[in-house]
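The values are calculated or read from the model by the stated rules, or taken from the named source; none is laboratory data. Bear in mind that the values here come from a model prediction, so they are computed numbers and not experimental data. Cβ atoms come from the backbone with ideal geometry, glycine included; neighbour counts cover every protein chain shown.
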Amino acid sequence: MADNKRIDAATGTSTVGHEWDGIEELDTPMPRWWLVILWATVVFAIGYCIVYPAWPLIHGATPGLWGWSSRGQLAQETAQENTRRAPIMAALARTPIDRLPSDPKLLAAAVEGGRSAFKVYCVQCHGSGAAGSRGYPNLNDDDWLWGGDLKTIQQTITDGIRFPGDDKTRMSQMPAFGRDGILNPGEVDDVVSYVRYVSHQEAASAAAKRGKTLFANNCAVCHGADAKGNRTMGAPNLTDAIWLYGGDRDTLVQTVTNARYGIMPAWGHRLDPVTIKMLAAYVHSLGGGEADPAAPAPAVAAAPAAAQAGENVGR
Amino acid sequence: MSGADVAPEPKPRFFEARRKVFPRRVDGTFRRLKWAIMAVTLAIYYVTPWLRWHRGEYAPDQAVLVDLAHRRFYMFSIEIWPNEFYYVVGLLIMAAVGLFLVTSAVGRAWCGYACPQTVWTDLFVHVERAIEGDRNAQIRLDRASWGVEKIAKRGTKFVIWLLIAMTTGGAWIFYFADAPTLAREFLTGTAPFVAYSTVGILTFTTFTLGGLMREQVCIYMCPWPRIQSAMMDEKSLAVTYKDWRGEPRTHGLKRAQAHEAEVAPSLVRLAQGEKVGDCIDCNACVAVCPTGIDIREGPQIGCITCGLCIDACDEIMEKVDRPTRLIGYTTEADMKLARAGGTPMPPLKRLLRPRTIIYFLIWAGIGCGMLFALGTRTHMGVSVLQTRNPLWVRLSDGAIRNTYTVKLRNMEGRPRSFAVSLSGIDARMWADGGSRETAGKTVTITVPADRVAKAQIFVVAPAQGAQRSELLFTVTALDGQKSSASDGSYFERPEGNP
């Protein structure tokens, strides 16, 4: 083949030596600049192999002169970010949670921090939008079992609810009225009728009337004579429109018969106080947060007047 | 085809090495015009970032500033926000149409006088001339072998070029940050890395494009010469060698007298009483050309119409007692007229033709439209985004709450309060920080000067109603000025709601 190489007359360039039906190929030299770039990339590649991890070995790769690694870079960036946030975190650590609202900037920072921590620790039960699900409270609404001001939320997160192993955890236990034989099934039905009556789901009936007496004797201790609940015991308000497990007859019969025993972990054992503070601020910001009951300003802001479902919306 | 039967000569070349161009110094009308335009354009470029313009305490006091970090573009009394980027687009369209207008009227005036590539190349050529001498000295130096003198001269030239290139890149960054602050930071080594890298890149490109590549940028790299051939017509100005006047050339007058018949057939004709042209073939027009072309070969892509050959030719024509403007700005139409012995078209008639008038009307229309829009634009705005997780929340009294993120834009240099109201459904609302007890028909939000405020707005409505209702948030300024804006959204209720 090489024998056929010759100088092409028209271009003055050598041919590569092949020939197909009279068609030949020119061996046109590369432009100089192209060659320069080629050598530049070769030099770059050699330099790259020396300073960066490049050659695979059995247990990893050559480390490279600069000691760069993607994990190292992540650690460095995380450290940078922590340094940047340090003053905010220090201020959050200093500020008692009930003083946060007087510093809107710090509060906003806490809410944003809480938003991301919530996505890691809380969404498994409460859902990504904090809307909860059956048995797991919706944190967006204005109904709170144990209280909805910043301080109370903070304590709930720190010590959890009915969490074994935390002395300060929120504790209460509803008796299993049916299962333990305190009420017979007929009486359970009557109590349920009464509860559905006070929550405006059923009209008055003889069963509800019987249930009223049973309620006063068995349930009012925790849920109150007016069935509006008691936050010191986490006893839910039974007259409102919000049901943690469901307000239909079957679910209520279940609840009265077997009781409920919802547990929330005590996060004080796992998270640092600043994260808990931020989580509390976030949960409080979702729209149902209540004012500090100790605060003097809008006294007794709670207790919305007779809960006529949806009729006297926001005065 | 076999190459054997093709004659080995001549050898066509597919690649051409750069022909070195050593433009000679020249003086004249167009050279002085170029000086003036160079002074003005360079002054605008270097001085603009240092101009101050007081805007009050809430905005920077730099007259022209592209504040990328805060997403603002300031130009004297005009402040553009990113949502108004169409003003910048309008400005770019005006620049393009303006270029079309100029090109159709006076040809490649942009290339010859105002293009940064031309201005900086011109500057670099002058530096080169100051160090290495004029054309002939430069050619001699180029041919000389490397010695002390060549190294010294080339070195000095490169250093000065580099300084110019650095100040060019240096001036650019001042458009993007407060110039005095950045200058101090830059010199003390505390400026952001991007400032140094930008200056580095622009130094490199200025040095390479202005010092080393020069006319090759215009001839090989720039798309504009190709585009503008579509803008030009037979009534656009172009630098033209008036061959009907110049030809036949009287080449080498003195030498011709010795070898009359061989070298100067024109002289023979002159002796025979025939007409000869004004061109004496002195090559002055070629020597001064910054792109190294011979204008006498006719219109060509290498001609940036800088007019320097006109100056050079005029000098010679005066010396040989001939009328000037053997090379001059002429249109193709005039050229045809002149060849036929007619008189050129009056300039006004040439300028006012449908093409230029339409370009001008488009240009002026966009300009007037933008001025009107700028003068009447509202300095506020609102955008509403419904929270979608969860879409709705049932409250203890059975009512339904929806949540919205409302962004309020205050483009004025003072804090303003706005009332947000709602239409579409019967609802009450409150903003974050408030509560249902304080809910009302409106919410007041105060936005800091020159900022966007983000607020969460909670809206409560009775449970009874459509699963999805349309809402309109309207924002009204509370400072007596009648400015308002609105944005629509939805109110959602649970599925299968009573």
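So, in region A:31-59, exactly how many residues are of a type in the set (Gly, Ala, Ser) and within 14 Å of chain B (Cβ to nearest Cβ)?
The qualifying residues number 0.
For region A:90-99, the condition of being without any contact (Cβ under 8 Å) to a residue 12 or more places away in the chain, outside the structural domain of A:GLY234 (by TED's automatic domain parsing) and aliphatic (A, V, I, L, M) holds for at least one residue.
Just to check your reading of the model, which residue among B:ALA114, B:ALA95, B:ALA109 is under 15 Å from the mean Cα position of the chain (by Cα) and crowded, with 17+ Cβ neighbours inside 10 Å?
After applying the criteria, what remains is B:ALA109.
Taken over region B:385-408, the residue count meeting the criterion of being out of contact with any Leu (no Cβ under 7 Å at 6 or more places or on another chain), over 24 Å from A:ILE242 (Cα atoms) and surrounded by fewer than 20 Cβ atoms within 10 Å (Cβ to Cβ) is 2. Among residues of region B:211-233 that are within 30 Å of B:LYS157 (Cβ to Cβ), those with a beta-carbon under 6 Å from a residue that is among the polar types (S, T, N, Q) and crowded, with 19+ Cβ neighbours inside 10 Å at least six positions away or on a different chain give the pairs B:ARG214/B:THR121; B:GLU215/B:THR291; B:VAL217/B:GLN117. Pairs are defined by a Cβ separation below 8 Å, a sequence spacing of at least 6 or placement on different chains, a first member in region B:392-410 that is without any contact (Cβ under 8 Å) to a residue 24 or more places away in the chain and within 12 Å of another protein chain (Cβ to nearest Cβ), and a second member that is in a loop (DSSP other than H, G, I, E, B) and among the acidic types (Asp, Glu); the pairs so defined are B:VAL393/A:ASP141; B:SER396/A:ASP141; B:SER396/A:ASP142; B:SER396/A:ASP143; B:SER396/A:ASP240; B:ASP397/A:ASP240.
Is there any pair with a first residue in region B:170-189 that is within 20 Å of B:ARG71 (Cα to Cα) and a second that is of a type in the set (S, T, N, Q) and buried (at least 19 other Cβ atoms within 10 Å of the Cβ) whose Cβ atoms are under 6 Å apart and which are 6 or more apart or on different chains, and what are they? Note: pairs meeting the criteria are B:ASP178/B:GLN62. The single condition from (1) within 16 Å of A:ALA176 (Cβ to Cβ); (2) of a type outside the set (Val, Ile, Thr); (3) touching a residue at least 24 places away in the same chain (Cβ under 8 Å) that A:LEU238 fails is (1). Only one entry of A:THR28, A:THR62 meets the criterion of being on the phi < 0 side of the Ramachandran plot, surrounded by 11 or more Cβ atoms within 10 Å (Cβ to Cβ) and within 14 Å of chain B (Cβ to nearest Cβ), and that entry is A:THR28.
If you take the residues of region B:338-375 that are free of Cβ contacts under 8 Å to residues at least 12 places away in the same chain and within 25 Å of B:PHE76 (Cβ to Cβ), which of them is surrounded by the fewest Cβ atoms within 10 Å (Cβ to Cβ)? Among those residues, the one meeting the criterion is B:GLY375.
Return yes when A:SER133 is of a type in the set (Gly, Ala, Ser), in contact with a Ser or Thr (Cβ under 6 Å, 6 or more places away or on another chain) and within 21 Å of B:SER396 (Cα to Cα) and no when it is not. Answer is no for this residue.
Scanning region A:108-128 for residues that are within 12 Å of another protein chain (Cβ to nearest Cβ) and among the aliphatic types (A, V, I, L, M), we see that the one that is surrounded by the fewest Cβ atoms within 10 Å (Cβ to Cβ) is A:VAL123. When region A:240-264 is filtered for residues that are touching a Phe, Trp or Tyr at 6+ places or on another chain (Cβ under 7 Å), within 25 Å of A:GLY165 (Cβ to Cβ) and of a type outside the set (A, V, I, L, M), only A:ARG260 remains.
Can you find a residue in region B:30-52 that is in a loop (DSSP other than H, G, I, E, B) and more than 23 Å from B:MET411 (Cβ to Cβ)? No, the conditions are met nowhere in region B:30-52.
Annotation: B:VAL159 fulfils all but one of (1) in contact with a helix residue (DSSP H, G or I) (Cβ under 8 Å, 6 or more places away or on another chain); (2) without any contact (Cβ under 8 Å) to a residue 24 or more places away in the chain; (3) farther than 30 Å from B:ALA59 by Cα; the unmet one is (1).
Within region A:128-153, the residues that satisfy the criterion of being part of a loop (DSSP other than H, G, I, E, B), under 19 Å from B:ARG436 (Cα atoms) and not hydrophobic (A, V, I, L, M, F, W, C) are A:ASN138, A:ASN140, A:ASP141, A:ASP142, A:ASP143, A:GLY147, A:GLY148.
Conditions (1) farther than 17 Å from A:ASN138 by Cβ; (2) modelled with pLDDT of 90 or more; (3) assigned to a helix (DSSP H, G or I); (4) within 13 Å of chain B (Cβ to nearest Cβ), marked per residue:
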{"position": "A:ASN237", "(1), (2), (3), (4)": "no, yes, no, yes"}
{"position": "A:TYR245", "(1), (2), (3), (4)": "no, yes, no, no"}
{"position": "A:ARG260", "(1), (2), (3), (4)": "no, yes, no, no"}
{"position": "A:LYS277", "(1), (2), (3), (4)": "yes, yes, yes, no"}
{"position": "A:LEU286", "(1), (2), (3), (4)": "no, yes, no, yes"}
{"position": "A:ALA294", "(1), (2), (3), (4)": "yes, no, no, no"}
{"position": "A:VAL300", "(1), (2), (3), (4)": "yes, no, no, yes"}
{"position": "A:VAL313", "(1), (2), (3), (4)": "yes, no, no, yes"}
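When region A:165-179 is limited to residues that are within 28 Å of the chain's Cα centre (by Cα) and buried (at least 18 other Cβ atoms within 10 Å of the Cβ), the one that is farthest from A:PRO236 (Cα to Cα) turns out to be A:ASP166.
Entry remark, region B:434-454: residues being within 13 Å of A:GLY287 (Cα to Cα) and either more than 11 Å from chain A (Cβ to nearest Cβ) or crowded, with 21+ Cβ neighbours inside 10 Å (or both) number 1 in total.
Scanning region B:141-176 for residues that are more than 20 Å from B:THR206 (Cβ to Cβ) and not polar (S, T, N, Q) gives B:LEU141, B:ASP142, B:ARG143, B:ALA144, B:TRP146, B:GLY147, B:VAL148, B:GLU149, B:LYS150, B:ILE151, B:ALA152, B:LYS153.
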